[in-house]
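The values are calculated or read from the model by the stated rules, or taken from the named source; none is laboratory data. What you see is a predicted model, and the numbers here were worked out from it, not measured in a lab. Using ideal geometry, Cβ is built from the backbone for each residue, glycine included, and neighbour counts are taken over all protein chains shown.
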Amino acid sequence: MTFQKACSEDDLWEGEMVEVDVGDHHLLLMRIEGGELRAYQGMCPHQDIPLCEGRFDGRVLMCRAHQWTFDARSGDGINPGDCRLARYPIQLHNGDVLVEVDGVAPLFAHS
């Protein structure tokens, strides 16, 4: 695995999200309720809308376009429930957030 720097830990506080590019991957980094970090595909699997333009309350991420919602802990779809976000492995090192993008591809929904 080759982890690459996505941002500094200080760039992301609990309940916040930030959009980053790592290699050719457009990602959304989130610090969920409780302080854990998550990295997901940056585009909604429905119609390729940037998820950073949506709303995030620390638990649920909502796309701005059609209000598709996702569980920020797992990336699983809430509405609709039959979709999910691709999740990228994260490591913390010397205050940096590192993400592994090899072998992970964005997911797309049925509709």
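Descriptive notes on the structure:
- Which listed residue, of LEU98, LEU92, is hydrophobic (A, V, I, L, M, F, W, C), surrounded by fewer than 16 Cβ atoms within 10 Å (Cβ to Cβ), in a strand (DSSP E or B) and over 12 Å from the mean Cα position of the chain (by Cα): LEU92
- If the condition is being closer than 15 Å to VAL20 by Cβ and touching an Asp or Glu at 6+ places or on another chain (Cβ under 9 Å), then the stretch 93-105 contributes ASP96, VAL97, VAL101.
- Filtered by the rule that a residue be at negative phi and either surrounded by fewer than 19 Cβ atoms within 10 Å (Cβ to Cβ) or more than 12 Å from the chain's Cα centre (by Cα) (or both), the stretch 24-37 gives ASP24, HIS26, GLU33, GLU36, LEU37.
- Test: residue in the stretch 38-48 that is at positive phi, surrounded by fewer than 16 Cβ atoms within 10 Å (Cβ to Cβ) and at pLDDT 95 or above: no
- Candidate set: the stretch 72-89, residues that are in contact with a Gly (Cβ under 8 Å, 6 or more places away or on another chain) and either modelled with pLDDT of 95 or more or within 25 Å of TRP13 (Cα to Cα) (or both); chosen: the one surrounded by the fewest Cβ atoms within 10 Å (Cβ to Cβ): ARG87
- Subset of the stretch 15-30 [of a type in the set (D, E, K, R) and either modelled with pLDDT under 95 or touching a helix residue (DSSP H, G or I) at 6+ places or on another chain (Cβ under 9 Å) (or both)]: GLU19, ASP24
- Counted as qualifying within the stretch 12-64 are the strands (runs of 3 or more DSSP E) with 1 or more residues that are under 14 Å from SER74 (Cβ atoms), namely 25-31, 37-41, 60-62.
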